[in-house]
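What follows is a single structure, written as structure tokens, with notes after it.
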Amino acid sequence: MQPLANKVVIVTGASRGLGRSIATRFADGGATVIATARSKDALQQLADEWHNCKTNDTENGVLGSGTIVPHACDLTVANEVEDLIRFTLDKYGQIDVLINNAGVGSYAPVHEIAEEDWDTMMAVNLKAPYLTCKYAIPHFIERQAGHIVNISSVAGTVTFKGGGGYCASKFGLMALTDVLTEELKPHQVRVSVICPGSIQTDFAGTPAKSYSLKPEHVAKVAYDMVTAPEGVILNQVVMRPQVPPELQK
């Protein structure tokens, strides 16, 4: 049996980049993945492509029980997030894992950051995880089981010039993770956070370096967290790319 067979996993920001890799990795592991983001078309394309790959694997003798279910949602809007959780519970009866991956970044000195960009980072990077947790946690407490995985950043552990808004939102996510850990321990709900460095995606419109982390590597860490032995919590993992010696300062 696949490790995540009969498990239901919500992945936010699943339409591209790291979220896309996480969604496919968990579906490969047998999970029913509720893939959510704002773009309905991109989510449907993800689901179709994964289904086609799964069909080919099945024809080649590789059987799997996982699937990807697209569900468009603006994660910064409370009633849409509540609908996402209700949809999942009504259709599948359970949520086993919540992966808060959606994120945005805009970089500039604090006095030059546009207020709109600041608000967007706080809404997507911090408010959205709060909302998904707010509506999923009652179900976790009722079941006395569940796992929340937050995707933060190295920028949630150290600051850098031009990263005022982004660092503030990710430091906030780290604090939220710590609070969730304390609040949910009595209910046997695991809470984890991953802090990756630069990843080979088009995040924030910044070209990725050739040595940056690959999204599938971060997805594997998320998978390893969720499939850790019973009674084991992989609470925090900081991931940095290995910089080639000739490029080190």
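The values are calculated or read from the model by the stated rules, or taken from the named source; none is laboratory data. Everything numeric in this text was worked out from a predicted model, so none of it was measured. Don't worry about glycine lacking a Cβ; one is built from the backbone with ideal geometry, like all the others, and counts go over all protein chains shown. For accessibility, only protein heavy atoms count, side chains too; no ligands or nucleic acids. Shrake-Rupley method; radii C 1.70, N 1.55, O 1.52, S 1.80 Å.
Please give the number of the condition Ser15 fails out of (1) among the small types (Gly, Ala, Ser); (2) under 25 Å from Asp224 (Cβ atoms); (3) free of Cβ contacts under 8 Å to residues at least 24 places away in the same chain.
Checking Ser15 against (1) among the small types (Gly, Ala, Ser); (2) under 25 Å from Asp224 (Cβ atoms); (3) free of Cβ contacts under 8 Å to residues at least 24 places away in the same chain, the one that fails is (3).
Would you please name the residue that is nearest to Lys185 (Cα to Cα), looking only at residues in segment 205-217 that are in a loop (DSSP other than H, G, I, E, B) and more than 18 Å from the chain's Cα centre (by Cα)?
Looking only at segment 205-217, we keep the residues that are in a loop (DSSP other than H, G, I, E, B), and these are 206-212, 214.
From the residues that got through so far, the ones that are more than 18 Å from the chain's Cα centre (by Cα) too are 206-212.
On the way: Thr206: 38, Pro207: 40, Ala208: 37, Lys209: 39, Ser210: 40, Tyr211: 37, Ser212: 34 Å.
Going through the qualifying residues, I end up with Ser212.
Do we find a residue being open to solvent by less than 70 Å² (accessible area, probe 1.4 Å) and within 28 Å of Ser198 (Cβ to Cβ) anywhere in segment 84-93?
no
Among all residue pairs at least 6 apart or on different chains, which show Cβ distances below 9 Å where the first residue, located in segment 144-161, is at pLDDT below 95 and the second is among the polar types (S, T, N, Q)?
Final answer for the pair search is none.
Going through Tyr130, Tyr107 one at a time, which residue ends up being open to solvent by 60 Å² or more (accessible area, probe 1.4 Å) and touching a strand residue (DSSP E or B) at 6+ places or on another chain (Cβ under 8 Å)? Steps first, answer last, please.
Numbers: Tyr130 fails: touching a strand residue (DSSP E or B) at 6+ places or on another chain (Cβ under 8 Å).
The conditions single out Tyr107.
Mind listing just one residue for me: the one in segment 218-249 that is charged (D, E, K, R) and not in a loop (DSSP other than H, G, I, E, B) and, of those, most open to solvent (accessible area, probe 1.4 Å)?
Step one: filter segment 218-249 for residues charged (D, E, K, R), giving 220, 224, 230, 240, 246, 249.
Retained after the next criterion (residues that are not in a loop (DSSP other than H, G, I, E, B)): 220, 224, 246.
Working: Lys220: 102, Asp224: 59, Glu246: 143 Å².
Applying the filter and picking the extreme gives Glu246.
Can you give me the number of residues within segment 82-136 that are of a type in the set (Phe, Trp, Tyr) and under 24 Å from Met174 (Cβ atoms)?
Going residue by residue through segment 82-136, those that are of a type in the set (Phe, Trp, Tyr) are 87, 92, 107, 118, 130, 135.
Filter again for under 24 Å from Met174 (Cβ atoms), leaving 107, 118, 130, 135.
The number of residues fulfilling the criteria is 4.
So for segment 29-38 (the condition being modelled with pLDDT under 95 and either of a type in the set (Asp, Glu) or farther than 22 Å from Gln94 by Cα (or both)), does at least one residue qualify?
Within segment 29-38, none of the residues are modelled with pLDDT under 95 and either of a type in the set (Asp, Glu) or farther than 22 Å from Gln94 by Cα (or both).
Does Ala27 satisfy being in a helix (DSSP H, G or I) and touching a strand residue (DSSP E or B) at 6+ places or on another chain (Cβ under 8 Å)?
Numbers: in a helix (DSSP H, G or I): yes; touching a strand residue (DSSP E or B) at 6+ places or on another chain (Cβ under 8 Å): yes.
The answer is yes for Ala27.
Out of all the residues in segment 176-207, which are open to solvent by 10 Å² or more (accessible area, probe 1.4 Å), polar (S, T, N, Q) and within 22 Å of Ala228 (Cα to Cα)?
Thr181, Gln188
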